[in-house]
Amino acid sequence: MAKGGKGPKGKKITLKVAKNCIKITFDGRKRLDLSKMGITNFPKCILRLNDVDELDLSRNMIRKIPESISKFQNLRWLDLHSNYIDKLPESLGQMTTLLYLNVSNNRLITNGLPAELNQLKNIRTLNLGLNHLDSVPTTLGALKELHEVGLYDNLLTSIPNSISKLPKLKKLNIKRNPFPKSEESDTFLDTIKRLDNLYLVEDKDLCSNCLKKCQQARDKLNKIKNIATGAPRKAIFSNLVSPNSMAKDSQEDWRIRSTSP
């Protein structure tokens, strides 16, 4: 810690540096990737690049996200995981094009989640894991397009019914929370028949061997599912004129021999 109680001085991001960090994704989107740059303050210069589709500020030392982030009106993907953020800006609710929001592994408390999050009507994936949340706002139940929710490693003792009733929810992770009874979380999970584990890990974060193993496991699982859901195969009796014809003949022969003197 530096003198005066100030945090470490992070890397300064200039507009030129930021422009050089813009990448084109496989589907043709523009991603501004400033992850793992040692940034301590949100670089305001990137607001001039507000036409990007994706913004990655993960794995830095950022403490505060300014209200001006709402200038990214085309943003569909925002990754802020692994920083020191304890509060999200209210203006985040204005970013209605967001499909993906990851703020896991920060210092968020329940009061740090603005009510305006319920305006993200198009969001599909929301990761709030590894924070300090002791409750979840019931207003998240308004996010009807949510497919995946991460709430693992928090301080939760209950889950709002409004989340369990989300019509498109497929994946939910609430592991390692201090629920009063272990069976309470199991009961909640059982109410969602389509539930699965939520793993928000990108391909780029895995080594080649791990990625290969994950892909092989996924392919194997898909193959099993396809076999299980396929139509039952009919038995083929290639050597019989009709099923059990041989058994019938053998039975008649046995009867004749057994009744002979």
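Pairing each residue of region 23-42 that is touching a residue at least 40 places away in the same chain (Cβ under 8 Å) and closer than 10 Å to D56 by Cβ with any residue that is outside any strand (DSSP E or B) and of a type in the set (S, T, Y), provided the two are 6+ apart or on different chains, yields C-beta distances under 9 Å for R31/T25; S35/S58; S35/S82.
Of all the listed residues (L169, L155, L133, L143), the sole one being within 13 Å of the chain's Cα centre (by Cα) and over 23 Å from M37 (Cβ atoms) is L169.
Considered as a group, the residues in region 131-164 that are in a helix (DSSP H, G or I) and in contact with a helix residue (DSSP H, G or I) (Cβ under 7 Å, 6 or more places away or on another chain) include one that is surrounded by the fewest Cβ atoms within 10 Å (Cβ to Cβ), and that residue is T138. Consider S58 carefully, then state whether it is part of a loop (DSSP other than H, G, I, E, B) and within 26 Å of P137 (Cα to Cα). Here the answer is yes, as S58 does meet what is asked.
For region 3-10, does any single residue satisfy the condition of being surrounded by 13 or more Cβ atoms within 10 Å (Cβ to Cβ) and at pLDDT below 95? Before you say what the answer is, go through the steps one by one.
Our first condition is that a residue be surrounded by 13 or more Cβ atoms within 10 Å (Cβ to Cβ); within region 3-10, this holds for 10.
So of that shortlist, the ones also at pLDDT below 95 come out as 10.
Scanning region 3-10 turns up at least one residue that is surrounded by 13 or more Cβ atoms within 10 Å (Cβ to Cβ) and at pLDDT below 95.
For region 168-188, the candidate set comprises residues that are open to solvent by 80 Å² or more (accessible area, probe 1.4 Å) and in a loop (DSSP other than H, G, I, E, B); within that set, the residue that is modelled with the lowest pLDDT is K181. Residues satisfying the criterion are absent from region 53-60 (criterion: closer than 18 Å to G112 by Cβ, surrounded by fewer than 21 Cβ atoms within 10 Å (Cβ to Cβ) and either in contact with a His (Cβ under 9 Å, 6 or more places away or on another chain) or at pLDDT 95 or above (or both)). If you go through region 14-37 one residue at a time, do you hit one that is open to solvent by less than 40 Å² (accessible area, probe 1.4 Å), of a type in the set (S, T, Y) and either modelled with pLDDT of 95 or more or in a helix (DSSP H, G or I) (or both)? Scanning region 14-37 turns up at least one residue that is open to solvent by less than 40 Å² (accessible area, probe 1.4 Å), of a type in the set (S, T, Y) and either modelled with pLDDT of 95 or more or in a helix (DSSP H, G or I) (or both). So which residues in region 73-103 are closer than 18 Å to K171 by Cβ and open to solvent by 10 Å² or more (accessible area, probe 1.4 Å)? Those that are closer than 18 Å to K171 by Cβ and open to solvent by 10 Å² or more (accessible area, probe 1.4 Å): W77, H81, L99, Y100. The set of residues in region 118-130 being open to solvent by 10 Å² or more (accessible area, probe 1.4 Å) and either small (G, A, S) or not in a loop (DSSP other than H, G, I, E, B) (or both) consists of N118, Q119, T125.
The values are calculated or read from the model by the stated rules, or taken from the named source; none is laboratory data. Fair warning: this is a prediction, and the values are worked out from it, not measured in the lab. Every residue, glycine among them, receives a Cβ derived from its backbone with ideal geometry; neighbour counts consider all protein chains shown. Accessible surface areas use protein heavy atoms only, side chains included; no ligands, DNA or RNA. Shrake-Rupley method; radii C 1.70, N 1.55, O 1.52, S 1.80 Å.
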